[in-house]
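The values are calculated or read from the model by the stated rules, or taken from the named source; none is laboratory data. From a predicted model like this one, the values you see are computed outputs, not experimental measurements. These area figures cover heavy atoms from the full protein model, side chains too; ligands, DNA and RNA do not enter into them. Shrake-Rupley method; radii C 1.70, N 1.55, O 1.52, S 1.80 Å.
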Amino acid sequence: QVQVVESGGGLVQPGGSLNLSCTATGSEYPIYVMRWHRQAPDRQRELVAAVAAHGGTQYADFVKGRFTVSGSGPSAKKTAHLQMNNLKPDDTAVYFCQAIIGNPGGDYSAAWGQGTQVTVSP
């Protein structure tokens, strides 16, 4: 069973920075993508950034130029980081890491972490 664990959240002032980390372990099959999502109170969960096993990255428009996603590790164990700069109060949310695993039958499955709280406040 794949376990996904996030860390690095906390309280930061507007304009500050945080670096979130995520580790996915226990997969029998290759992990193809690591994604960061966030969910603020009374809002739907939204994709923030993603990093593929081949190194390709994807960002939501609202974080472009401020956040940087990176990943490393062998195919069955991945680590992903989300460097967040110039944080704004609107970035306040629980940040979740998601691992996308390629199954032998050709489909994909997802494993989620428990989330880490990021609060941006004066």
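Taking only C-alpha pairs under 8 Å that are 6+ residues apart, what is the relative contact order of the chain in percent?
36
In the chain, what % of DSSP beta bridges are antiparallel (nearest 5)?
95
Leaving out ligands, DNA and RNA, and with a 1.4 Å probe, what % of the accessible surface on region 1-97 is carbon or sulfur?
About 47 percent, which is the carbon plus sulfur part of the accessible surface.
For the chain, what ratio Rg/Rh do Cα atoms give with a Kirkwood hydrodynamic radius?
That ratio is 0.98, to two decimals.
How big is the Rg/Rh ratio for region 32-103, C-alpha atoms only, Rh by Kirkwood, two decimals?
0.98
Give, in nm to one decimal, the length gained when the segment between R66 and E28 is fully stretched (0.36 nm per residue of separation minus the Cα-Cα distance).
10.3 nm
Just how much of W112 is accessible, in Å², when a 1.4 Å probe is used and the result is rounded to the nearest 10?
100
Considering only S109, S17, S27, give the residue with the highest GNM mean-square fluctuation for the chain, with springs between Cα atoms whenever their separation is below 10 Å.
Highest fluctuation among the options: S109.
If you count only protein heavy atoms with a 1.4 Å probe, what accessible area per residue comes out for the chain, rounded to a whole Å²?
Each residue of the chain exposes 53 Å² on average to a 1.4 Å probe.
Students sometimes get this wrong: rank E46, E28 by accessible area, probe 1.4 Å, all chains present, largest first.
Descending order: E28, E46.
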